[in-house]
Amino acid sequence: MHLTQHPGLNPPVFEATITDIIDDGIFLDRTFCYPRGGGQPGDKGSITSGDKFSNMGEVKPGDRILHPLQSPDLFREGDKVECMIDSSWRNRNTMMHTAQHVFSAIANDMYKAETVGNQISDHTTRIDLWFPDRDLFDAEEISLQVNDVLNSGAEVLIHEWSREEIVSHEKMRHTNFMDRIPSSISMLRVVEIEDIDLCPCGGTHVGNISQIPKITIENVKSKGAGKLRVSYS
Ligand SMILES: [Zn+2]
């Protein structure tokens, strides 16, 4: 539900009902938490019901979305709870994730590089890129271009498009993973950064690209033939 009904930055507190409790945490009848995935960490925060309170660890994906708690035994099935997402954690991940769209798009435009992996960690984002010719890569040149875009004030738009619209759009990137999405899902979320990027994505995003601070490339290393691992803060 974070996809359509919740902002990427400063997510508000939401109410839900506990549907099940296991040793590691609880399940809710609805959730706006982002579960870990696509290189982006899951939300953390807290769960409150009356005078009962527990910190919530990193939310995990699955058939049901697990909200890990320190003390799940405090709660009962059917309890109405308030879930507070840790905004500073979420905001940081949202900014780093959206910046990665820009970095990957520009690496693709400048060097025809494909992003083959990415991971957000505490202070840096790591992107694995495959290049037709990796000698062309220039850390200073791409930093300048990425930071120019982050300064541009481009809007980030969210669309719901059909598979056909997505695969037939000439500017669409990253459609090769779509085989892995169950065919029962006909409409997919598409993220557009005006004039920069257009791709299906389930992560969390800023509303305007100018909300992201400048990036600095910290490290570039070889990851085998044609591949570089680029880390930036
Ligand atoms: Zn995204």
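Lys214 falls short on exactly one of the conditions (1) within 16 Å of the ligand (Cβ to nearest atom); (2) out of contact with any Cys (no Cβ under 7 Å at 6 or more places or on another chain); (3) touching a residue at least 40 places away in the same chain (Cβ under 8 Å), and that condition is (1). Yes or no: Met56 among the hydrophobic types (A, V, I, L, M, F, W, C) and not assigned by TED's automatic domain parsing to the domain that holds Pro182? In short, yes. Of all the listed residues (Ile26, Ile22, Ile47), the sole one being surrounded by fewer than 13 Cβ atoms within 10 Å (Cβ to Cβ), in contact with a strand residue (DSSP E or B) (Cβ under 9 Å, 6 or more places away or on another chain) and without any contact (Cβ under 8 Å) to a residue 60 or more places away in the chain is Ile22.
Counting only strands (runs of 3 or more DSSP E) that sit completely within the range 17-130, those holding 1 or more residues that are farther than 23 Å from His174 by Cβ correspond to 25-28, 45-49, 52-56, 80-85. The residue that is nearest to the ligand (Cβ to nearest atom), among those in the range 167-194 that are in contact (Cβ under 8 Å) with a residue 60 or more places away in the chain and not in a loop (DSSP other than H, G, I, E, B), is Val191.
Residues that are out of contact with any strand residue (DSSP E or B) (no Cβ under 8 Å at 6 or more places or on another chain) and not polar (S, T, N, Q) within the range 178-218 comprise Asp179, Arg180, Pro182, Ile185, Asp195, Ile196, Ile212, Pro213, Lys214, listed in sequence order.
Being farther than 12 Å from Val149 by Cβ and near the ligand (Cβ under 10 Å from one of its atoms) is the filter here; which residues of the range 195-205 pass it? Hits for the range 195-205 are Cys199, Pro200, Cys201, Gly202, Gly203, Thr204, His205.
Glu164 fulfils the conditions (1) part of a loop (DSSP other than H, G, I, E, B); (2) more than 16 Å from the ligand (Cβ to nearest atom); (3) out of contact with any helix residue (DSSP H, G or I) (no Cβ under 6 Å at 6 or more places or on another chain) except for a single criterion, (1). Here Thr31, Thr17 are screened, and the one residue that is touching a residue at least 40 places away in the same chain (Cβ under 8 Å), outside the structural domain of Cys201 (by TED's automatic domain parsing), hydroxyl-bearing (Ser, Thr, Tyr) and touching an Asp or Glu at 6+ places or on another chain (Cβ under 8 Å) is Thr17.
The values are calculated or read from the model by the stated rules, or taken from the named source; none is laboratory data. Just so you know, these numbers come straight off a predicted model, no measurement behind them. So basically every Cβ, Gly included, is an ideal-geometry build from the backbone, and we count neighbours across all protein chains shown.
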